[in-house]
Each structure stands twice: as C-alpha cells, then as structure tokens.
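Worksheet for the structure shown next.
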Amino acid sequence: MSEIAISVKNLGKKYRIGYREPYKTITETLTRKVKDGLFGQLGGHSPQSLEQSTFWALENVSFDVYKGDVLGIIGRNGAGKSTLLKILSRITAPSQGRAEVHGRVGSLLEVGTGFHPELTGRENIYLNGSILGLKKQEIEQKFDDIIKFSEIEKFLDTPVKRYSSGMYVRLAFAIAAHLEPEILIIDEVLAVGDAHFQKKCLGKMGEVAKEGWTVLFVSHNMNAVEQLCSKCLSLDNGKIKEYASDVRGVINDYLFNEKDNARKCEWVNSGNEYPNPWFQPLKFSLTDENGKTIDSAVNNNDEIFINIKGKIEQVDPYLTIGYAIYSNDGNLLYWSYQTDSAEQDWHELKRGINILKSCIPKKFLNEGSYRIELIGGLHFREWLFQPGHTIPVIFLTIQGGLSDSPYWIIKRPGLLAPVIGWGVEYENV
C-alpha cells in the first residue's frame with residue numbers, strides 16, 4: 001500500500017467578516033470586563049451578531065494524498081482552494097479538524113510569500129533553503145540551477161521589494177522546484193508570469209511529478225490540470241464536491257454541471273453584479289437569427305448569435321468585450337472580441353446601454369457541449385472579466401447538422417466540424 005503524504009480529517013476554517021477590534025483606552029478595557037459577563041469574550045457582540053459575521057471558508061473537508069500523487073485542486077473563486085493550501089503550508093491554523101503532512105514542504109502561494117522584502121534575491125534563496133532545513137552546502141549545490149531557471153541573474157543582488165510580481169514568481173518557483181522538497185504546493189500564482197515562463201514552470205512540474213514528488217496544484221487552467229495531475233479535487237463553497245482519479249471527469253463536472261448554471265443559454269445580472277463604470281454586464285445570451293433565446297440543442301448548420309448587453313458610464317477607448325468558448329473536455333477553442341477586425345471597422349461604444357452581437361459561424365462546431373465565458377477588460381491595463389475565473393457563463397449544445405455529405409452521419413473526429421470547400425484540376429486527361 002502506498003504511503004500517505006497528506007491526511008486531512010474534518011478540516012474547517014472559520015473567519016469573522018466585517019468585524020475589526022477597535023482601539024480602546026485602559027478604562028474602556030476594564031469596562032469591557034463587566035460586559036464580558038453578559039456576552040463572554042465576544043468583544044461587545046451578542047452571540048447572534050457574532051454568528052451572523054462568521055464565514056466558513058472550509059467545512060468538514062477530508063481526503064488523503066499518497067506519496068507520488070499529483071493532485072489538481074479546482075473550484076470557483078472563493079471555493080476554499082487557497083485557504084486549504086495555506087493550512088497545509090502551516091501559514092494559517094484550522095478552526096477545526098486536523099491536517100497531517102509527512103515530508104518537507106515547499107510552497108508557492110501568494111506573490112511574495114516566504115520572502116523578506118529587505119533582503120536581496122540571493123539572500124532570500126539562502127533564507128528559504130534554511131526554512132526547508134537545508135544546510136548551506138546543500139543550498140549552494142542548487143544555487144546555479146535556481147538562478148538559471150529564474151532568469152533574473154541581473155537582479156540577484158537587488159532587494160526583492162523592488163521586484164515586479166513576475167520577477168517574484170520566477171525566483172519563488174525556481175526556489176520551490178530546485179530545493180527538492182518532498183511535497184510541492186503550487187497556487188494559481190503562476191498566472192502572474194508571462195506565457196513563456198508559465199510553460200517552463202508547467203514543464204518542470206511535469207518532470208518532478210515523474211520523479212515521484214507529491215504535488216498539489218491549484219489552477220484555473222484545466223488543460224494543465226488534466227495533463228499534469230493523477231487525481232483531482234473539486235471544491236465548492238468550502239466543501240468537497242468531488243475527489244477522484246478520473247481527472248477529466250471531475251473537470252467536466254466542474255465546468256458543465258454547476259447547479260446554478262448547468263446548460264443555461266442565458267445569464268442575467270441579478271442586481272449589482274460586476275459593478276464598474278466601463279462595462280457592467282446586464283445580460284449574456286445565445287439567440288437564433290430571430291433574436292429568440294436558445295433553450296435547447298441546435299444543429300451545426302444553424303445560425304447562433306452571442307449577445308452581450310451592458311451598461312457603460314465611462315467610455316474608455318481601450319475597452320474590449322467578447323467571449324471565450326471551451327469544448328466539453330476543457331480545451332479552449334478560441335477568444336473573440338469586438339476589436340478583432342481592422343480598427344476602422346470597429347463599432348463605437350457609447351455611454352448608456354450597449355448590446356454587442358456576434359455570430360458563431362455555421363458548420364463550424366462539432367457535436368457536443370460548449371462552455372462560453374464573457375471576457376473583457378481595458379486592453380493591456382486590467383481585466384474586468386478574466387478567462388477561467390468567476391465570470392458570467394452560458395452553455396451551448398450542438399447536435400446534428402454536421403454536413404450534407406452522406407459520409408458524416410455521426411459525430412466527426414476532432415474539436416471542430418467545418419465544411420471546407422474543395423476544387424479539382426485535371427492534368428493529361
């Protein structure tokens with residue numbers, strides 16, 4: 001039987017929301033002792049108000065991770081993923097239950113975690129190595145590999161407080177991956193780095209997984225989770241929704257079987273969701289050519305329109321709004337923005353209510369289910385709706401209409417099913 005690396009039993013973490021202990025004078029502190037006779041040690045809050053101000057980030061979470069497992073942890077923002085990793089990394093303590101970790105842990109969580117801002121990059125390498133229990137000689141043996149992987153040699157003797165978030169991540173991952181912890185814990189922080197470095201990190205994680213390390217990997221990149229992980233844990237509202245070795249199955253359930261959104265072809269703002277002055281989404285829907293909302297599966301040769309209705313209070317020329325479409329197994333098919341064409345062809349966005357409309361090409365998508373996310377932001381400045389995060393989502397199901405050819409009477413191989421035009425020429429006939 002495999003040896004257990006991490007054992008989590010009835011784990012829970014409770015936070016108090018919106019309450020901050022006020023500064024008190026000595027007189028007020030002494031007076032509080034009298035109030036404690038009424039309310040105990042609740043800081044002046046009644047038991048009822050305290051109960052209303054608490055939030056369980058994790059509740060009754062139990063699972064085991066065996067040595068050599070690569071566990072992907074997925075879930076919407078606020079599901080409890082980062083809280084779980086902080087407890088396993090001994091950054092915060094649980095409110096209930098226990099988490100037993102057997103082995104030396106290397107963590108890459110929030111940007112800057114584990115670094116002393118006043119120390120240089122070089123000094124932080126030695127600091128992190130010492131925290132892991134390594135001797136100076138052991139750290140020096142890995143030093144050159146760390147610097148080479150991080151690609152920040154030029155800034156090695158600069159205090160890390162002057163590093164960009166990308167530089168932080170480069171050095172932090174290089175340290176975590178090369179000082180050889182027995183358990184490597186990686187949060188979504190990799191998303192901070194550039195595409196080249198993300199690919200490099202994922203490649204390194206694949207290497208260490210083959211070497212038998214235990215890896216816990218939190219990510220919104222479903223392709224990376226499926227490729228790297230041998231097991232997958234899905235969290236929802238602080239509780240385990242699913243835990244299995246069928247990684248693709250867990251991912252599909254997460255992407256396509258959410259109770260609130262499953263199979264809906266229309267999303268409507270319930271009130272004041274996603275407030276911002278540049279583009280507050282009001283409605284995100286799929287319609288047919290007559291403007292009727294689609295509420296069932298459609299054919300591959302039907303016209304399908306993406307409709308995005310939003311309110312603009314402050315016009316910004318860098319605003320880009322569009323959608324990302326994913327296949328049933330989590331593969332990204334494409335992104336599309338209202339700014340995809342030449343600039344002179346862009347439609348002007350004005351203050352007030354704007355309705356953007358785009359058509360998914362006929363005879364393009366294969367049979368299957370598709371997840372469509374509203375995406376957009378202020379180009380090169382900030383995301384308003386970031387792909388893979390908690391944003392408005394709708395679903396599309398394609399069935400039939402794949403081709404007029406008698407040879408294609410079942411689902412076609414591949415992600416797409418376009419009908420491509422062909423010609424023929426003859427020579428020496």
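Throughout, read-outs are computed from the coordinates displayed, never taken from laboratory work. On a predicted model such as this, the values are computed, not experimentally measured, just so you know. Here the Cβ is made from the backbone with ideal geometry for all residues, glycine too, and neighbour counts use every protein chain on show.
Between amide H atoms placed 1.01 Å from N, distances below 5 Å from SER219 occur with ILE73, all of them 5 or more places distant or on a separate chain. Between the amide H of CYS265 and those of PHE395, distances stay under 5 Å, these residues lying 5 or more places away or on another chain, with hydrogens modeled in the peptide plane.
Full extension of the chain between VAL268 and GLU123 gives 47.0 nm of extra length, using 0.36 nm per residue less the Cα-Cα distance. Qualifying trypsin sites (Lys or Arg not before Pro) in the range 261-349, where qualification requires a DSSP coil assignment and no more than 12 other C-beta atoms within 10 Å, comprise LYS292.
Would you mind getting the Kirkwood hydrodynamic radius of the range 171-324 from its Cα pairs, rounded to one decimal in Å? Please report the intermediate quantities before stating the final value.
Numbers: mean 1/r = 0.0522 Å⁻¹.
Result for the range 171-324, one decimal place: 19.2 Å.
Taking 19 Å as the straight-line reach from the Cα of LYS309, the aspartates and glutamates in range (excluding those fewer than 8 positions away in the same chain) are GLU266, GLU273, ASP288, GLU289, ASP295, ASP340, GLU348, GLU373. The relative contact order of the range 280-426 comes to 28 percent, based on Cα pairs under 8 Å that sit 6 or more residues apart.
Whole-Hz Karplus values for the range 265-277 come out as 9, 8, 10, 10, 4, 7, x, 10, 6, 6, x, 6, x Hz, taken residue by residue from phi with 6.51 cos²θ - 1.76 cosθ + 1.60 and θ = phi - 60°; glycine and proline positions read x. For the pair GLU3 and SER164, label points projected 7 Å from Cα toward Cβ lie 4.2 nm apart. Give, to the nearest whole percent, the P(r) tail of the range 295-339 beyond 16 angstrom, counting all Cα pairs. I get 60 percent for the Cα pairs in the range 295-339 exceeding 16 Å. For trypsin sites (Lys or Arg not before Pro), the sites in the range 332-429 that DSSP calls loop and that have at most 16 other Cβ atoms within 10 Å are LYS350, ARG351, LYS362, ARG381, LYS411.
Please report the equivalent ellipsoid semi-axes of the range 163-246, computed as sqrt(5 x eigenvalue) of the Cα gyration tensor, largest first, in whole Å.
Values: eigenvalues 99, 50, 28 Å².
So the equivalent ellipsoid measures 22, 16, 12 Å along its semi-axes.
Normalised Debye scattering of the range 362-418 at q = 0.27 Å⁻¹ gives log10 I(q)/I(0) of -1.02, counting only Cα atoms as equal scatterers and leaving out solvent. Remark: C-alpha extents of the range 67-175 on the principal axes read 43, 30, 25 Å, sorted largest to smallest.
Within the range 339-429, which GluC sites (Glu not before Pro) sit in a loop by DSSP and count at most 12 neighbouring Cβ atoms inside 10 Å? Spell out each step's value before the answer.
Details: sites: GLU343, GLU348, GLU367, GLU373, GLU382, GLU425, GLU427; in loops: GLU348, GLU367, GLU425, GLU427.
Taking the range 339-429 and a limit of 12 other Cβ atoms within 10 Å, the loop GluC sites (Glu not before Pro) found are GLU348, GLU425, GLU427.
Placing unit charges on each Cβ (+1 for Lys and Arg, -1 for Asp and Glu) gives the range 272-354 a dipole about its Cα centre, and among ALA297, ASN272, ASN307 the Cα reaching farthest toward its positive end belongs to ASN272. Estimated translational diffusion coefficient (Stokes-Einstein, Kirkwood radius over Cα pairs, 20 °C, 1.002 mPa s) of the range 244-357: 132 µm² per second. Protection proxy ranking for 246-255, 94-103, using the average of other Cβ atoms within 10 Å per residue and placing the highest first: 246-255, 94-103. Residues in the range 301-315 carry Karplus couplings, in order, of 9, 7, 7, 10, 10, 8, 10, 10, 9, x, 10, 10, 9, 10, 6 Hz; the curve used is 6.51 cos²θ - 1.76 cosθ + 1.60 with θ = phi - 60°, and Gly or Pro positions show x. Entry note, the range 235-355: relative contact order of 21 percent, from Cα contacts under 8 Å with a spacing of 6+ residues. At q = 0.10, 0.15, 0.21 Å⁻¹ the log10 of I(q)/I(0) for the range 316-415 amounts to -0.36, -0.72, -1.13, computed by Debye summation with a single uniform scatterer per C-alpha, solvent ignored.
Taking a straight Cα-Cα cut-off under 16 Å and skipping sequence neighbours fewer than 8 places away in the same chain, the lysines within cross-link reach of LYS199 are LYS148.
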